[in-house]
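Trainee: I'd like to ask you about the structure that follows.
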Amino acid sequence: MTPLFQYSVKLVDSPFWAFAIHDGHQVDPAVEQFILLDETQRLREEDPYTASMAELPINQLFVATSRFQLDVNRKEEDSVYLRPEQAWGLNVWKETLPSTVLQKLYEEHKKFYQQLDNYIQHTIDKHGFFVALDIHSYNARRISEEQPIDKKANPQINLGTHYNDEKWRLVIDKFIESVQSQQLLGEAIDIRENVKFKGGYLAQHILQKFGDRGCVLSVEYRKDFMNEWTGLPYQPVILEYKQLLLHTLKDLQKIDIYGV
């Protein structure tokens, strides 16, 4: 059986990483025949355009496979959405997945994390530390396309930092300070920590193994850069979100992270 999980990696000489692990929309033919959801339904819960934002001059890992096939931001036993409560109340599958397909997906999850560990360890061996920007997005109009956004409950940027060691507070504070020194569409940026999300399994896994040598900043953009119901992108906003990350990356690169 061919691999059921596709991702790309670009390696450069940098201690920094950019992840876009929910950008993917591909579903393998071996799995597609069992999926109940159509493309629009899947796209709504994926994080389209986050790979475009994460195309930064650092190490990159972008996932092409849809999270509805395999979600590597969940632990292995939850990485395939077998129950509606795992998938925003959605029934993902027409029928029970064959055990051979399910086992293959779980094996892909294992292999992904084995390779990820190798990448992070190599970065530590070469640079002494790592900083990962884990780029995601989230929906703020759950009821309808016309629903007003509750901005008090839904910050423009939710920064997931919960699982980082306190020793990396300098890096976290510098990221927030850099974002707050900028604007989006001519307005001040609302960035808050751990309001909607604290960081997913990817962050937890990396930090459990390597948290003394680096940190993971899980950047969750509110989907102001697209119509979250139709998937229509707002390209100027996507570009601004990417420029925001570029500017913030430059600020992070100026501080003595290794000295932390």
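Trainee: Identify all residues within the stretch 174-185 that are more than 22 Å from Asn139 (Cα to Cα) and open to solvent by less than 70 Å² (accessible area, probe 1.4 Å); write none if there are none.
Mentor: Lys174, Phe175, Ser178, Gln182
Trainee: Quick check: is even one residue across the stretch 17-29 farther than 27 Å from Leu133 by Cα and crowded, with 16+ Cβ neighbours inside 10 Å? Spell out how you get there, then give the answer.
Mentor: We begin by selecting, within the stretch 17-29, every residue farther than 27 Å from Leu133 by Cα; these are 28-29.
Filter again for crowded, with 16+ Cβ neighbours inside 10 Å, leaving 28.
Among the residues of the stretch 17-29, at least one is farther than 27 Å from Leu133 by Cα and crowded, with 16+ Cβ neighbours inside 10 Å, which makes the answer yes.
Trainee: Here is a list of conditions, (1) open to solvent by 40 Å² or more (accessible area, probe 1.4 Å); (2) hydrophobic (A, V, I, L, M, F, W, C); (3) in contact with a Phe, Trp or Tyr (Cβ under 8 Å, 6 or more places away or on another chain); (4) assigned to a helix (DSSP H, G or I), and Leu202 meets all of them except one; can you say which number that is?
Mentor: (1)
Trainee: Kindly check whether there is at least one residue in the stretch 203-210 that is within 22 Å of Pro57 (Cβ to Cβ) and not aliphatic (A, V, I, L, M).
Mentor: no
Trainee: Also, quick follow-up: I need the full set of residues from the stretch 214-239 which are over 17 Å from His22 (Cα atoms) and outside any loop (DSSP other than H, G, I, E, B), in order please.
Mentor: Gly214, Cys215, Gln235, Pro236, Val237, Leu239
Trainee: Consider the stretch 87-137. How many of its residues are closer than 21 Å to Lys167 by Cα and surrounded by 15 or more Cβ atoms within 10 Å (Cβ to Cβ)?
Mentor: So the count comes out to 10.
Trainee: So, one more: What are the pairs with Cβ atoms under 8 angstrom where one residue, in the stretch 104-133, is under 28 Å from Arg169 (Cα atoms) and the other, located anywhere, is modelled with pLDDT of 95 or more and exposed (fewer than 15 other Cβ atoms within 10 Å of the Cβ)? Sequence gap at least six, or different chains.
Mentor: Hits for this filter: Asp117/Lys209; Tyr119/Val9; Tyr119/Leu11; Ile120/Lys209; Lys126/Asp13.
Trainee: Here's a follow-up. Looking only at the stretch 182-191, decide whether some residue is touching a residue at least 40 places away in the same chain (Cβ under 8 Å) and assigned to a helix (DSSP H, G or I).
Mentor: No, the stretch 182-191 contains no residue that is touching a residue at least 40 places away in the same chain (Cβ under 8 Å) and assigned to a helix (DSSP H, G or I).
Trainee: Would you call Leu252 at pLDDT 95 or above, under 17 Å from the mean Cα position of the chain (by Cα), among the hydrophobic types (A, V, I, L, M, F, W, C) and not in a loop (DSSP other than H, G, I, E, B)? Don't jump to the end; show me each part of the working.
Mentor: On the way: at pLDDT 95 or above: yes; under 17 Å from the mean Cα position of the chain (by Cα): no; among the hydrophobic types (A, V, I, L, M, F, W, C): yes; not in a loop (DSSP other than H, G, I, E, B): yes.
No: the conditions fail for Leu252.
Trainee: Looking for whichever is of a type in the set (D, E, K, R), farther than 26 Å from Ile255 by Cα and either within 20 Å of the chain's Cα centre (by Cα) or open to solvent by 50 Å² or more (accessible area, probe 1.4 Å) (or both) here; the options are Glu193, Glu166, Glu220, Glu146. Which one fits?
Mentor: Result of the check over Glu193, Glu166, Glu220, Glu146: Glu146.
Trainee: Exactly one condition in (1) buried (at least 21 other Cβ atoms within 10 Å of the Cβ); (2) touching a residue at least 24 places away in the same chain (Cβ under 8 Å); (3) not polar (S, T, N, Q) is false for Tyr81; which is it?
Mentor: In the conditions (1) buried (at least 21 other Cβ atoms within 10 Å of the Cβ); (2) touching a residue at least 24 places away in the same chain (Cβ under 8 Å); (3) not polar (S, T, N, Q), Tyr81 misses (2) alone.
Trainee: Identify, from the list Lys198, Lys94, the residue that is at pLDDT below 95 and in contact with a strand residue (DSSP E or B) (Cβ under 8 Å, 6 or more places away or on another chain).
Mentor: Numbers: Lys198 fails: at pLDDT below 95.
The unique qualifying residue is Lys94.
Trainee: Of everything in the stretch 149-163, what is surrounded by fewer than 19 Cβ atoms within 10 Å (Cβ to Cβ) and either touching a helix residue (DSSP H, G or I) at 6+ places or on another chain (Cβ under 9 Å) or polar (S, T, N, Q) (or both)? Give them in sequence order.
Mentor: His162
Trainee: Limited to the stretch 50-94, what total is found for residues that are part of a loop (DSSP other than H, G, I, E, B) and closer than 11 Å to His25 by Cβ?
Mentor: 5
Trainee: With the requirement that a residue be open to solvent by 40 Å² or more (accessible area, probe 1.4 Å) and either within 17 Å of Asp23 (Cβ to Cβ) or in contact with a Pro (Cβ under 7 Å, 6 or more places away or on another chain) (or both), what does the stretch 240-250 give you?
Mentor: Lys242
Trainee: On the basis of being polar (S, T, N, Q), touching a residue at least 40 places away in the same chain (Cβ under 8 Å) and open to solvent by 10 Å² or more (accessible area, probe 1.4 Å), does Asn227 make the cut?
Mentor: Considered against the rule, which asks whether it is polar (S, T, N, Q), touching a residue at least 40 places away in the same chain (Cβ under 8 Å) and open to solvent by 10 Å² or more (accessible area, probe 1.4 Å), Asn227 comes out as yes.
The values are calculated or read from the model by the stated rules, or taken from the named source; none is laboratory data. Please read these numbers as outputs of a predicted model, since none were measured by experiment. So basically every Cβ, Gly included, is an ideal-geometry build from the backbone, and we count neighbours across all protein chains shown. Only protein heavy atoms, including side chains, enter the accessible area calculation; ligands, DNA and RNA are left aside. Shrake-Rupley method; radii C 1.70, N 1.55, O 1.52, S 1.80 Å.
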